[in-house]
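In what follows, a single structure is set out as structure tokens and then discussed.
The values are calculated or read from the model by the stated rules, or taken from the named source; none is laboratory data. This is a predicted model, so every value here is computed, not measured. FYI the Cβ positions are ideal-geometry reconstructions off the backbone, even for glycines, and counts take in every protein chain you see.
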Amino acid sequence: MFSGTYPAIITPFKNYEIDFDGLKENIDFLIDNGVDGLVVVGTTGESPTLSHEEHKKVIEKAVEFVDGRVKVIAGAGSNNTAEAIELSTFAEDVGADAILSITPYYNKPTQKGLLKHFGMIAESVNLPIILYNVPSRTGVNLEPKTAKILDEEYSNIVAIKEANPNLSQVSEIILETNLTVLSGNDELTLPIMALGGKGVISVVANIVPKDIVEMVNSALNGNFEKARDIHYKLYPLMKALFIETNPIPVKTALNLLGRPAGELRPPLTDMSEEHKKLLIDVLKNLGLLG
């Protein structure tokens, strides 16, 4: 259901307010370059600094702008289960195709708590749910045994975004569950797909969507030699886009390329000049900047 390339899109700002014209321009660019769907208001979309009303409005406008051309996966997570349910039901009401639901952050629930959290969300909507496991940001790991229980008990929990460098855990999830595994870390997309993953929720695809689509489709078709060539071509960009906290580098890159991105909302700040120079060099080496 969710194989392929899904850019985790940025939320563009003008004077720190959401730039909906820019959002539409970015969406059209990505769709024109062959992506399979879009993830809106995830971490890359600066969801922590959007109000709930802004968060909902971005989901609603994204569904409107996409107009059925590709899947829209709405970021609808929270460390407050009631808020996650509210965002999830809203996404369903306005026509999103799925929701991305992150493990609760900061309050660090146990595995039992994760089962309750995701179970309550699954019971509140009919939409497909993609679980999102990113221990480096949340302080909690969704263990394979927990993913297996969720897969067995809730038919609308269908996939997991693994932003986890532990490939043994990825292997266990693929072996023990029916969940579709999507990479949540661009530099691990190819290794995860070699293990049986089906694609990526990608930051790098904001910059070079055609290349990411070609790499993922090559891997899906068993042409790992071609996929590997693209992986190594893009590897410097994959590293550069995470040299500072995401989405600082990707918004910097989009601004350099003349694409709508705008400011970062505090507490995120502009990229350091040292890192910005490195990013510019990478973009130039790829022929993206003159």
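Within the range 63-93, the set of residues being in a loop (DSSP other than H, G, I, E, B), small (Gly, Ala, Ser) and within 23 Å of Val200 (Cβ to Cβ) comprises Gly68, Ala76, Gly77. All of Asp93, Asp36, Asp67 fail the test of being among the charged types (D, E, K, R), closer than 21 Å to Phe2 by Cα and touching a residue at least 24 places away in the same chain (Cβ under 8 Å), apart from Asp36.
Taking the range 109-140 as the range and being of a type outside the set (Gly, Ala, Ser), part of a loop (DSSP other than H, G, I, E, B), under 21 Å from the mean Cα position of the chain (by Cα) and over 24 Å from Val72 (Cα atoms) as the test, only Val140 passes. Within the range 147-164, residues that are over 19 Å from Val39 (Cβ atoms) and surrounded by fewer than 20 Cβ atoms within 10 Å (Cβ to Cβ) reach partners that are at pLDDT 95 or above and of a type in the set (Phe, Trp, Tyr) with beta carbons closer than 8 Å, at six or more positions or on different chains, in the pairs Tyr154/Phe118.
To keep it simple, each residue is scored yes or no on (1) touching a strand residue (DSSP E or B) at 6+ places or on another chain (Cβ under 8 Å); (2) among the aliphatic types (A, V, I, L, M); (3) crowded, with 20+ Cβ neighbours inside 10 Å.
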residue: Glu214; (1), (2), (3): no, no, no
residue: Leu220; (1), (2), (3): yes, yes, no
residue: Ala227; (1), (2), (3): no, yes, yes
residue: Phe242; (1), (2), (3): no, no, no
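From the list Leu115, Leu100, Leu127, Leu131, the one residue that fits, being at pLDDT 95 or above and more than 20 Å from Val40 (Cβ to Cβ), is Leu115. Scanning the range 96-108 for residues that are more than 19 Å from the chain's Cα centre (by Cα) and not polar (S, T, N, Q) returns Tyr106, Lys108. Put simply, of Phe2, Phe90, Phe29 the only residue that is of a type in the set (Phe, Trp, Tyr), closer than 17 Å to Ile130 by Cα and either in contact with a Pro (Cβ under 9 Å, 6 or more places away or on another chain) or crowded, with 23+ Cβ neighbours inside 10 Å (or both) is Phe2.
Conditions (1) under 20 Å from Gly34 (Cβ atoms); (2) not aliphatic (A, V, I, L, M), marked per residue:
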{"site": "Leu179", "(1), (2)": "no, no"}
{"site": "Leu182", "(1), (2)": "yes, no"}
{"site": "Asp186", "(1), (2)": "yes, yes"}
{"site": "Leu190", "(1), (2)": "yes, no"}
{"site": "Ala194", "(1), (2)": "no, no"}
{"site": "Asn206", "(1), (2)": "yes, yes"}
{"site": "Asp211", "(1), (2)": "yes, yes"}
{"site": "Met215", "(1), (2)": "yes, no"}
{"site": "Gly222", "(1), (2)": "yes, yes"}
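Of all residues in the range 94-108, which are in contact with a Phe, Trp or Tyr (Cβ under 9 Å, 6 or more places away or on another chain) and assigned to a strand (DSSP E or B)? Ala98, Leu100, Ser101, Ile102 - these are the residues of the range 94-108 that are in contact with a Phe, Trp or Tyr (Cβ under 9 Å, 6 or more places away or on another chain) and assigned to a strand (DSSP E or B).
Summed over the range 23-40, the residues that are among the aliphatic types (A, V, I, L, M) and over 9 Å from the mean Cα position of the chain (by Cα) give a count of 5.
Residues in the range 33-62 that are outside any loop (DSSP other than H, G, I, E, B) and surrounded by 20 or more Cβ atoms within 10 Å (Cβ to Cβ): Gly37, Leu38, Val39, Val40, Ser47, His55, Lys56, Val58, Ile59, Ala62. Within the range 138-181, being among the acidic types (Asp, Glu), within 21 Å of Val200 (Cβ to Cβ) and touching a Ser or Thr at 6+ places or on another chain (Cβ under 9 Å) holds for Asp151, Glu162. Where strands (runs of 3 or more DSSP E) fall wholly inside the range 157-268, the ranges with 1 or more residues that are more than 25 Å from Gly22 (Cα to Cα), in contact with a Phe, Trp or Tyr (Cβ under 7 Å, 6 or more places away or on another chain) and among the charged types (D, E, K, R) are 157-162. The residues of the range 1-32 that are assigned to a loop (DSSP other than H, G, I, E, B) and under 16 Å from Lys251 (Cα atoms), listed by number, are Ile9, Ile10, Thr11, Pro12, Asn15, Tyr16, Asp19. With respect to the conditions (1) within 21 Å of Asn246 (Cα to Cα); (2) touching a strand residue (DSSP E or B) at 6+ places or on another chain (Cβ under 8 Å), Lys57 falls short on a single one, namely (1).
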